[in-house]
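Working notes, structure below.
The values are calculated or read from the model by the stated rules, or taken from the named source; none is laboratory data. Worth saying up front: this structure is predicted, and the values here are computed from it rather than measured. In this analysis, Cβ positions are derived from the backbone assuming ideal geometry, glycine residues included, and neighbour counts consider all displayed protein chains. Only protein heavy atoms, including side chains, enter the accessible area calculation; ligands, DNA and RNA are left aside. Shrake-Rupley method; radii C 1.70, N 1.55, O 1.52, S 1.80 Å.
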Amino acid sequence: MARPKPATFDKQKTVAENRRARFDYYIEDKFEAGIALQGTEVKSLRAGEASIAESYAEVRDGQVWLVNANIPEFSHGNRFNHEPRRPRKLLLHAREIEKLFGAVERKGMTLVPLSVYFNATGRAKVELALAKGKQAQDKRQTIKDRDWKRDKARLLRENR
């Protein structure tokens with residue numbers, strides 16, 4: 001019998017976060033995926049250098065790829081350095097890949113990376129979300145809700 005997955009992911013050190021994704025998309029489901037990296041990429045991530053702001057994931061040939069994620073070159077990597085924006089393979093179970101592929105194909109959803117982090121065992125992971133894009137009016141409503149929460153918290157602090 002398979003070991004049950006934890007409800008939340010074990011994030012020890014967050015390297016990069018895509019904060020804009022929660023504003024631009026409705027997050028439906030989250031997955032934890034490993035990343036196939038080269039040595040200098042791991043060293044660059046451990047130094048805390050990465051950007052996933054304009055990246056996305058796609059299912060191609062039965063595999064999931066992280067596209068347009070920027071992991072800058074390692075400063076001491078010399079000729080063994082990696083290409084900063086190369087597509088990186090994400091490591092998921094076959095059943096998870098099938099689920100993602102079906103959702104992207106049939107429902108018109110998008111795979112968005114939310115964060116890159118190291119877990120407790122020291123492995124680099126990506127928190128991947130199955131998301132649906134928001135319309136302009138939905139984004140305006142999100143802004144209104146956020147402003148109201150901020151004003152409400154301020155009013156409660158002042159009344160104490």
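Would you rank GLU41, GLU83 by solvent-accessible area, highest first, keeping every protein chain in place and using a 1.4 Å probe? Let's see the in-between values first.
On the way: GLU41 0, GLU83 120 Å².
The residues order as GLU83, GLU41, largest area first.
Of all aspartates and glutamates in the structure, those lying under 18 Å Cα to Cα from LYS99, and not within fewer than 8 positions of it along the same chain, are GLU28, ASP29, GLU32, GLU58, ASP61, GLU127.
Derived scalar couplings between HN and Hα for region 41-58 equal 5, 5, 5, 5, 5, 5, 6, x, 10, 5, 9, 10, 4, 10, 9, 8, 10, 9 Hz in order, rounded to whole Hz, by the Karplus curve 6.51 cos²θ - 1.76 cosθ + 1.60 (θ = phi - 60°), x for Gly and Pro.
A probe of 1.4 angstrom, applied to the heavy atoms of all protein chains, finds LYS43 with accessible area near 110 square angstrom. If you average the alpha carbon positions of region 105-160 and of region 28-101, how far apart do those two centres end up, in angstrom? Value for the Cα centre distance between the two parts: 21 Å. Across the accessible surface of region 62-160, with the other protein chains kept in place and a 1.4 Å probe, carbon and sulfur atoms take up 49 percent. Quick check on region 39-160: take the gyration tensor over C-alpha atoms, sort the square-rooted eigenvalues as a ≥ b ≥ c, and tell me if it's rounded (a/c under 1.5), prolate or oblate. Since a/c reaches 1.5 but b/c is at least a/b, the shape of region 39-160 is classed as oblate.
With r defined as the distance between the Cβ atoms of GLN141 and ASP10 and R0 fixed at 45 Å, what FRET efficiency is calculated, to the nearest 0.05? Show your work: numbers first, answer last.
On the way: r = 33 Å, r/R0 = 0.74.
E between GLN141 and ASP10, to the nearest 0.05, is 0.85.
Neighbours of SER44, meaning other residues whose beta-carbon lies under 13 angstrom from its beta-carbon, give a summed charge of +1 when Lys and Arg score +1 and Asp and Glu score -1.
When the residues HIS76, HIS82, HIS93 are ordered by accessible surface, computed with a 1.4 Å probe over the protein chains alone, the sequence from largest down reads HIS76, HIS93, HIS82.
Could you do me a favour and compute the accessible area per residue for region 101-160, 1.4 Å probe, result in Å²?
Numbers: 4010 Å² over 60 residues.
I get 67 Å² per residue for this part.
Across LEU114, LEU91, LEU66, mean-square fluctuation computed from a Gaussian network of the chain (C-alpha pairs under 10 Å connected) peaks at LEU91. Between the helical axis of 136-159 and the dominant principal axis of the chain, each derived from Cα atoms, what acute angle in degrees is found, rounded to the nearest 10? Approximately 60 degrees, to the nearest ten. How far is helix 94-106 tilted off the main Cα axis of the chain, in degrees rounded to 10, range 0 to 90? Compared with the principal axis, the helix lies near 50 degrees.
Across ARG150, ARG60, the residue with the most accessible area heads the list, and the full order at a 1.4 Å probe is ARG150, ARG60. Taking amide hydrogens as placed 1.01 Å from N in the peptide plane, the amide H of ARG85 sits under 5 Å from that of no residue at least 5 positions away in sequence or on another chain.
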